[in-house]
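To keep things clear, I will list the structure first and then write my remarks on it.
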Amino acid sequence: QVQVVESGGGLVQPGGSLRLSCAASGSISSIKAMAWYRQAPGKQRELVAGMMWDGRPVYASSAEGRFTVSRDTASNTLYLQMNSLTPEDTAVYYCNADGLGPSATPFDSWGQGTQVTVSS
């Protein structure tokens with residue numbers, strides 16, 4: 001089984017920065033990709049940024065140019081550096097890990113989320 005735990009959220013002023021962390025544990029070798037999603041009140045959960053295990057990053061249009069996703073393979077941690085934050089970035093940010101199990105069965109692991117609030 002794969003578990004992910006998010007941290008690093010908090011309250012920040014517009015224009016500020018936060019760095020989110022997602023630590024993975026369990027069957028790490030089965031992970032194919034990890035990603036950050038977010039869900040604001042009244043909105044659907046949306047992809048923010050992801051990192052495939054071949055090193056390719058993926059960004060939503062709302063994040064590209066402001067956010068940077070990176071991976072620390074030694075600690076099995078995915079980071080999301082968020083700069084130039086706006087109130088529209090306020091949401092619960094979730095970490096996701098996906099991959100294939102022993103029988104090539106896809107799995108999807110989610111963390112419990114970390115709150116990011118951008119307000120003056």
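So how do TRP110, TRP53, TRP36 rank on accessible area, 1.4 Å probe, biggest first, that is with the largest at the start?
TRP110, TRP53, TRP36
Where nothing but the Cβ of Lys and Arg (+1) and of Asp and Glu (-1) is charged, how large is the charge dipole of the chain around its Cα centre, in debye to the nearest 20?
That gives the chain a dipole magnitude of about 40 debye.
Taking all pairs of different Cα atoms in the chain, averaging 1/r and flipping that mean, what Kirkwood radius in angstroms comes out?
Mean inverse Cα-Cα distance, inverted, gives 14.4 Å.
Pop the C-beta distance of THR117 and SER30 into the FRET formula with R0 = 41 Å and round what comes out to the nearest 0.05.
For R0 = 41 Å, the calculated efficiency reads 0.75.
Using a 1.4 angstrom probe, figure out how much accessible area the chain has per residue, in square angstrom, rounded to the nearest whole.
Here the per-residue accessible area is 54 Å².
Could you please put ARG66, ARG38 in sequence from largest to smallest accessible area, using a 1.4 Å probe?
Ranked list, largest accessible area first: ARG66, ARG38.
The values are calculated or read from the model by the stated rules, or taken from the named source; none is laboratory data. Nothing here was measured: the structure is a model prediction, and the numbers come from that model. Neighbour counts are summed over all protein chains in view; Cβ atoms, including those assigned to glycine, are modelled from backbone coordinates with ideal geometry. These accessible areas exclude ligands, DNA and RNA; they are computed on the full protein's heavy atoms, side chains included. Shrake-Rupley method; radii C 1.70, N 1.55, O 1.52, S 1.80 Å.
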